[in-house]
Amino acid sequence: MLDNKTSLVIVTGMSGAGKTVAIQSFEDLGYFTIDNMPPALVPKFLELAETSDDNDKVALVVDMRSRHFFKELQKILDEIELNSAVDLRILFLDATDSELVSRYKETRRSHPLAPAGRVMDGIKLERELLAPLKNLSQNVVDTTDLTPRELRKTITDQFSGDNNQSAFRIEVMSFGFKYGLPLDADLVFDVRFLPNPYYDPQMRELTGLDQKVFDYVMNHGASESFYQHLLNMLVPILPAYQKEGKSILTIAVGCTGGQHRSVAFAHRLAEELKANWTVNESHRDKNRRKETVNRS
């Protein structure tokens, strides 16, 4: 990463305007995130990030919770602007006074600048103190009428680059019903009705990733019909999951032991979806039976 710029986003703005949702959105976009970072520590952190191969995208929340340090922020931002190894952007979240008061009433929390006083007093003081920073911000988002989902989409549109799918990932996994349903599965499909390669001694120790087993499973008429129906159902609805703001969609395909049929199906589905989506393929129980036999 030493030859590349570190992309740094400073997330700031009015308390109650949605910084928690924002920092979660950056995490979904693959950013390394830290909430409530004292401004004085930002340069030190960047020094560490610039020597790492992992943290080329960083999002830091800096707000009035660190009030005693906040006055240093302007000077620190000026220094960062001069650093050719850092691409700095400031995201400022705002909302109307009435909306902020309403949100504080809902959460029943006190304002950080008026812990023992009226929320409105804290909002007025914070708005005054943050005015110079707002003027410096390249991205100002008014969250007054935005739902959390809409705010996530706004951040994705502004910060994920040309490929907005980086914020949406599909996990395709196989599993064995005998070992239980995956707890994180969003969609579950059952292929236990297909012929089972387990009963062929030549294929019993193989898995659905072996060509012989894959062909055995997929060359069956019912397999191809089921696969095409499954694909025709999934392809049109995937954009809707992305639009809804979901960061990960887990599609699970199960057979009895999770070694043959489900592995073959999950592998074929993952390879097909990779043409248009970011996809991760996994096989939870592919070797579980063999490992159990070896331990006994």
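Could you list, in sequence order, the residues of region 181-220 that are among the aliphatic types (A, V, I, L, M) and in contact (Cβ under 8 Å) with a residue 24 or more places away in the chain?
Leu181, Ala185, Leu187, Val188, Val191, Leu194, Met203, Leu206, Leu209, Val213, Val217, Met218
Give me a count of the residues in region 252-275 that are crowded, with 16+ Cβ neighbours inside 10 Å, under 24 Å from the mean Cα position of the chain (by Cα) and part of a helix (DSSP H, G or I).
Number of matching residues: 6.
Kindly list the number of the only condition in (1) out of contact with any Gly (no Cβ under 7 Å at 6 or more places or on another chain); (2) at pLDDT 95 or above; (3) not in a helix (DSSP H, G or I) that fails for His229.
(3)
Only one of Leu234, Leu249, Leu194 is of a type outside the set (Asp, Glu) and more than 30 Å from Val21 (Cβ to Cβ); which?
Being of a type outside the set (Asp, Glu) and more than 30 Å from Val21 (Cβ to Cβ) holds for just one of Leu234, Leu249, Leu194, which is Leu194.
Being buried (at least 19 other Cβ atoms within 10 Å of the Cβ) and either out of contact with any Phe, Trp or Tyr (no Cβ under 9 Å at 6 or more places or on another chain) or assigned by TED's automatic domain parsing to the domain that holds Val21 (or both) narrows it down to one of Leu249, Leu206, so name that one.
Details: Leu249 fails: either out of contact with any Phe, Trp or Tyr (no Cβ under 9 Å at 6 or more places or on another chain) or assigned by TED's automatic domain parsing to the domain that holds Val21 (or both).
After ruling out the rest, the residue left standing is Leu206.
From the set of residues in region 114-143 that are within 27 Å of Phe159 (Cβ to Cβ) and among the acidic types (Asp, Glu), which is surrounded by the fewest Cβ atoms within 10 Å (Cβ to Cβ)?
Checking each candidate, the answer is Asp142.
From Gly117, Gly122, which residue is in the same structural domain as Gln158 (by TED's automatic domain parsing) and in contact with a Pro (Cβ under 9 Å, 6 or more places away or on another chain)?
Gly122
Would you point out which residue out of Gly180, Gly117, Gly161 is modelled with pLDDT under 85 and at positive phi? Write out each step before concluding.
Values: Gly180 fails: modelled with pLDDT under 85; Gly117 fails: at positive phi.
Sole residue among the options that is modelled with pLDDT under 85 and at positive phi: Gly161.
Of a type in the set (Ser, Thr, Tyr) and surrounded by fewer than 20 Cβ atoms within 10 Å (Cβ to Cβ): which single residue out of Ser223, Ser282 fits that description? It would help to see each step written out before you state the result.
Working: Ser223 fails: surrounded by fewer than 20 Cβ atoms within 10 Å (Cβ to Cβ).
From the options Ser223, Ser282, the qualifying one is Ser282.
Could you please let me know if Leu238 is out of contact with any Gly (no Cβ under 9 Å at 6 or more places or on another chain), part of a helix (DSSP H, G or I) and either in the same structural domain as Thr154 (by TED's automatic domain parsing) or not β-branched (Val, Ile, Thr) (or both)?
It is true that Leu238 is out of contact with any Gly (no Cβ under 9 Å at 6 or more places or on another chain), part of a helix (DSSP H, G or I) and either in the same structural domain as Thr154 (by TED's automatic domain parsing) or not β-branched (Val, Ile, Thr) (or both).
The values are calculated or read from the model by the stated rules, or taken from the named source; none is laboratory data. No experiment lies behind these values; they were computed from the predicted model shown. Please note: Cβ atoms are built from the backbone with ideal geometry, for glycine as well, and neighbour counts cover all protein chains shown.
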